[in-house]
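The values are calculated or read from the model by the stated rules, or taken from the named source; none is laboratory data. Every value quoted in this text rests on a predicted model; they were computed, and no experiment measured them. Virtual Cβ from ideal backbone geometry, glycine too; neighbours counted across all protein chains shown.
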Amino acid sequence: MNNGLKNFLYKGYKFGIVGILSTVFNYGIFVFFYKIIRIHYIISSIIGYISGLLLGYQLNKNWTFIDQLDKSKSYIVDYITVYAISLVSSQVFLLFLVEILLINPLYANILGIALSTVINFFGTNFFVFKNSEKTYS
(Lines give C-alpha, C1' and ligand atoms only; values in the text may rest on other atoms or scores of the structure.)
Protein backbone atom coordinates (compact mmCIF):
# COMPACT_ATOMS: atom_id res chain seq x y z
CA MET A 1 0.00 0.00 0.00
CA ASN A 2 1.45 3.39 -0.92
CA ASN A 3 2.00 6.16 1.63
CA GLY A 4 -0.72 8.41 0.19
CA LEU A 5 -3.38 5.75 0.67
CA LYS A 6 -2.06 4.89 4.16
CA ASN A 7 -2.22 8.55 5.18
CA PHE A 8 -5.73 8.90 3.75
CA LEU A 9 -6.96 5.81 5.64
CA TYR A 10 -5.26 6.97 8.84
CA LYS A 11 -7.01 10.34 8.54
CA GLY A 12 -10.28 8.44 8.06
CA TYR A 13 -9.60 6.49 11.26
CA LYS A 14 -8.87 9.68 13.20
CA PHE A 15 -11.93 11.35 11.69
CA GLY A 16 -14.05 8.44 12.96
CA ILE A 17 -12.70 8.83 16.49
CA VAL A 18 -13.43 12.57 16.39
CA GLY A 19 -16.93 11.80 15.10
CA ILE A 20 -17.63 9.43 17.98
CA LEU A 21 -16.35 11.92 20.56
CA SER A 22 -18.30 14.79 19.00
CA THR A 23 -21.49 12.72 18.87
CA VAL A 24 -21.20 11.68 22.51
CA PHE A 25 -20.51 15.30 23.49
CA ASN A 26 -23.44 16.52 21.35
CA TYR A 27 -25.81 14.03 22.96
CA GLY A 28 -24.54 14.79 26.48
CA ILE A 29 -25.15 18.51 25.96
CA PHE A 30 -28.61 17.73 24.55
CA VAL A 31 -29.53 15.58 27.56
CA PHE A 32 -28.16 18.16 29.98
CA PHE A 33 -30.22 21.01 28.53
CA TYR A 34 -33.34 18.93 27.88
CA LYS A 35 -33.53 16.78 31.03
CA ILE A 36 -31.71 18.85 33.64
CA ILE A 37 -32.18 22.48 32.60
CA ARG A 38 -35.58 21.61 31.02
CA ILE A 39 -35.16 23.54 27.77
CA HIS A 40 -37.37 22.55 24.81
CA TYR A 41 -35.98 19.51 22.97
CA ILE A 42 -35.49 21.37 19.67
CA ILE A 43 -33.47 24.13 21.32
CA SER A 44 -31.55 21.54 23.33
CA SER A 45 -30.84 19.60 20.14
CA ILE A 46 -29.55 22.71 18.37
CA ILE A 47 -27.30 23.58 21.31
CA GLY A 48 -25.98 20.01 21.32
CA TYR A 49 -25.41 19.98 17.55
CA ILE A 50 -23.50 23.26 17.62
CA SER A 51 -21.46 22.11 20.62
CA GLY A 52 -20.55 18.85 18.88
CA LEU A 53 -19.73 20.70 15.66
CA LEU A 54 -17.37 23.10 17.48
CA LEU A 55 -15.65 20.26 19.36
CA GLY A 56 -15.30 18.29 16.12
CA TYR A 57 -13.87 21.35 14.38
CA GLN A 58 -11.18 21.81 17.03
CA LEU A 59 -10.24 18.13 17.11
CA ASN A 60 -10.21 17.75 13.32
CA LYS A 61 -8.24 20.96 12.85
CA ASN A 62 -5.68 20.21 15.56
CA TRP A 63 -5.38 16.44 15.22
CA THR A 64 -6.97 14.77 12.18
CA PHE A 65 -5.90 17.27 9.50
CA ILE A 66 -3.00 18.98 11.32
CA ASP A 67 -0.48 18.07 8.60
CA GLN A 68 -2.35 19.92 5.88
CA LEU A 69 -3.14 23.21 7.60
CA ASP A 70 -2.05 26.72 6.80
CA LYS A 71 -1.70 28.15 10.31
CA SER A 72 -2.52 31.66 9.07
CA LYS A 73 -6.02 30.65 7.88
CA SER A 74 -9.35 30.26 9.63
CA TYR A 75 -11.38 27.28 8.51
CA ILE A 76 -14.60 27.61 10.52
CA VAL A 77 -16.84 29.05 7.78
CA ASP A 78 -15.85 26.31 5.33
CA TYR A 79 -16.28 23.69 8.06
CA ILE A 80 -19.79 24.89 8.92
CA THR A 81 -20.63 25.01 5.20
CA VAL A 82 -19.63 21.37 4.70
CA TYR A 83 -21.58 20.27 7.77
CA ALA A 84 -24.66 22.26 6.72
CA ILE A 85 -24.58 20.64 3.26
CA SER A 86 -24.12 17.26 4.90
CA LEU A 87 -27.03 17.85 7.28
CA VAL A 88 -29.40 18.90 4.50
CA SER A 89 -28.26 16.04 2.23
CA SER A 90 -28.71 13.40 4.91
CA GLN A 91 -32.15 14.73 5.86
CA VAL A 92 -33.35 14.73 2.23
CA PHE A 93 -31.96 11.20 1.87
CA LEU A 94 -33.71 10.15 5.09
CA LEU A 95 -37.00 11.60 3.86
CA PHE A 96 -36.62 9.72 0.56
CA LEU A 97 -35.86 6.43 2.31
CA VAL A 98 -38.78 6.71 4.71
CA GLU A 99 -41.46 8.32 2.54
CA ILE A 100 -40.68 6.84 -0.89
CA LEU A 101 -38.95 3.53 -0.17
CA LEU A 102 -40.96 3.00 3.06
CA ILE A 103 -37.93 2.00 5.13
CA ASN A 104 -38.36 2.12 8.89
CA PRO A 105 -36.92 5.46 10.16
CA LEU A 106 -34.81 3.63 12.74
CA TYR A 107 -32.95 1.84 9.94
CA ALA A 108 -33.10 4.64 7.40
CA ASN A 109 -31.45 7.02 9.85
CA ILE A 110 -28.41 4.74 10.00
CA LEU A 111 -28.05 5.10 6.23
CA GLY A 112 -28.48 8.86 6.57
CA ILE A 113 -25.74 8.99 9.19
CA ALA A 114 -23.47 6.94 6.93
CA LEU A 115 -24.05 9.35 4.03
CA SER A 116 -23.42 12.32 6.31
CA THR A 117 -20.18 10.79 7.58
CA VAL A 118 -18.87 10.25 4.04
CA ILE A 119 -19.79 13.79 2.97
CA ASN A 120 -18.21 15.24 6.12
CA PHE A 121 -14.95 13.33 5.68
CA PHE A 122 -14.49 14.14 2.01
CA GLY A 123 -15.63 17.72 2.54
CA THR A 124 -13.26 18.36 5.42
CA ASN A 125 -10.35 16.58 3.74
CA PHE A 126 -10.65 18.04 0.24
CA PHE A 127 -12.44 21.35 0.83
CA VAL A 128 -11.96 22.63 4.37
CA PHE A 129 -8.50 21.35 5.32
CA LYS A 130 -7.26 20.76 1.80
CA ASN A 131 -3.51 20.44 1.35
CA SER A 132 -1.86 23.78 0.87
CA GLU A 133 0.66 24.36 -1.89
CA LYS A 134 3.40 22.70 0.19
CA THR A 135 5.46 19.97 -1.39
CA TYR A 136 6.81 17.10 0.66
CA SER A 137 9.85 15.02 -0.08
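Pairs, please: C-beta under 6 Å, at least 6 apart or cross-chain, first residue under 21 Å from residue 114 (Cβ atoms) and not assigned by TED's automatic domain parsing to the domain that holds residue 55 and in the range 20-38, second part of a helix (DSSP H, G or I) and modelled with pLDDT under 90?
So the pair list comes out empty.
Among the numbered conditions (1) at pLDDT below 85; (2) out of contact with any Leu (no Cβ under 7 Å at 6 or more places or on another chain); (3) in a helix (DSSP H, G or I), tell me where residue 134 comes up short.
Result: residue 134 fails condition (3) only.
In this structure, is residue 116 among the small types (Gly, Ala, Ser), over 19 Å from residue 7 (Cβ atoms) and surrounded by 17 or more Cβ atoms within 10 Å (Cβ to Cβ)?
Considered against the rule, which asks whether it is among the small types (Gly, Ala, Ser), over 19 Å from residue 7 (Cβ atoms) and surrounded by 17 or more Cβ atoms within 10 Å (Cβ to Cβ), residue 116 comes out as yes.
Can you give me the number of residues within the range 72-82 that are among the hydroxyl-bearing types (Ser, Thr, Tyr), in contact with a Gly (Cβ under 9 Å, 6 or more places away or on another chain) and surrounded by 15 or more Cβ atoms within 10 Å (Cβ to Cβ)?
So the first thing to find is which residues in the range 72-82 are among the hydroxyl-bearing types (Ser, Thr, Tyr), and the list is 72, 74-75, 79, 81.
The next check asks that each one be in contact with a Gly (Cβ under 9 Å, 6 or more places away or on another chain); those that pass are 79, 81.
Next, from what is left, pick out any that are surrounded by 15 or more Cβ atoms within 10 Å (Cβ to Cβ): 79.
Qualifying residue count for the region: 1.
For residues that are free of Cβ contacts under 8 Å to residues at least 12 places away in the same chain and either surrounded by 12 or more Cβ atoms within 10 Å (Cβ to Cβ) or outside the structural domain of residue 125 (by TED's automatic domain parsing) (or both), tally how many sit in the range 89-104.
5
Considering only residues that are among the basic types (Lys, Arg) and outside any helix (DSSP H, G or I), look in the range 12-71 and name the one that is surrounded by the fewest Cβ atoms within 10 Å (Cβ to Cβ).
Residues of the range 12-71 among the basic types (Lys, Arg): 14, 35, 38, 61, 71.
Now restrict to residues that are outside any helix (DSSP H, G or I): 38, 71.
Details: 38: 8, 71: 6.
Applying the filter and picking the extreme gives 71.
Could you please let me know if residue 93 is in contact with a Leu (Cβ under 6 Å, 6 or more places away or on another chain) and in a helix (DSSP H, G or I)?
Against the criterion (in contact with a Leu (Cβ under 6 Å, 6 or more places away or on another chain) and in a helix (DSSP H, G or I)), residue 93 qualifies.
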